[in-house]
Each structure stands twice: as C-alpha cells, then as structure tokens.
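Here is the structure we will look at.
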Amino acid sequence: MSQTKQIESDQMRSVISAKFIEPGFAYWFTNHEHIRSPFPKAIKSAAREKTTEIFFEWIDGLKEKELSEMKENEFVEMFETILFNEALKLVDDEDQQLTISYPFLPRLGDKVNHKLKGEGNVIKRKEIVSKENKKLFELTVQLKDTGETWDTQFELTE
C-alpha cells in the first residue's frame, strides 16, 4: 500500500472511529434515563477491542462504491450488531446473556408495582418458547409485603 493510500485509510478510520465507534461505546457503556448499560464492567474492555477489530474488518471488506453509498444508520446498526454479538460471547451467565439480548427489559432486583398485587422485586427471569413457537419472557416477582411470588409472561418481538 502506498504511503498516500495508508494516510487516507488512517484518516478514514479516524473519522469512522470519532463518528460511530466512540459515540457507540459511550452510549452503550453508560446508563441513561430510559436504559441502563446491559454490559457488565468486566467485559467492556474486551468487547471494545473485539468490536472495533471486527467493525474495521467489515469496513475494509467493503468496496469504495459500497462505502460511499452507506447511510449513517447502516454503520450504526452494524456496529451495534457486532457489539452485542461479541458481548454475548464474553459472558457465561444466563442472566447476563438475557440482559445483553434484551437491554430494555426488567432485570433481577428491579422493582415492580402491580396495580392489583402491589410492590415487589424481580427475582427470576427466563426466555421460553410457547407451544405456538412464540418467544416469551417470563418474570417471577416476589411481593414486598407478603413474600409471595407471582409470574407473568409477555411475548418477545423481534
């Protein structure tokens, strides 16, 4: 590769990193009002390293025309797909896998306030498949006042 091509490649990587990679990690690795980071602290460094590597491999595999025609949201979607896939490989715990797979859903310990049953905390959760082959998310909640538990399920949409 000529020195000019290398400089152009380095500049492109720098722009892509500043525009997509760093903001992507900043968003997903911190908590916000509407979502908490689904990534355990212990895997963030490895997830960052592997995601960056694979993301640039993907970009390097694109032809110039493809790269120039890409829309910003396509870069963001690919970055997030790689990040979540790589993070899932770094955790063994089923609950952490659920948190990464479904970052917007309730987590263990979350408070629930049911209008009929009252306040409680999520003590168990799992992904199940119904008889109709629908993906369901099941929560078990322990009531604060009585210690009783109750379950609820809802369909996961893709």
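The values are calculated or read from the model by the stated rules, or taken from the named source; none is laboratory data. All of these numbers come straight from a predicted model, not from anything done at the bench. Because the Cβ atoms are built from the backbone with ideal geometry, glycine has one as well, and the counts that use them run over all protein chains shown.
If the condition is being assigned to a loop (DSSP other than H, G, I, E, B) and exposed (fewer than 15 other Cβ atoms within 10 Å of the Cβ), then the range 60-105 contributes Gly61, Leu62, Lys63, Met70, Lys71, Asp92, Asp93, Phe104. Listed by first and then second residue, the pairs with beta-carbon distance under 6 Å, at least 6 apart or on different chains, first residue in the range 109-137 and part of a loop (DSSP other than H, G, I, E, B), second charged (D, E, K, R) and modelled with pLDDT of 90 or more, are Lys134/Glu155. None of Lys63, Lys134 is among the basic types (Lys, Arg) and either at pLDDT 90 or above or under 18 Å from the mean Cα position of the chain (by Cα) (or both) except Lys134. Only one of the numbered conditions (1) over 25 Å from Phe25 (Cβ atoms); (2) more than 18 Å from the chain's Cα centre (by Cα); (3) not β-branched (Val, Ile, Thr) is violated by Arg125, and that is (2).
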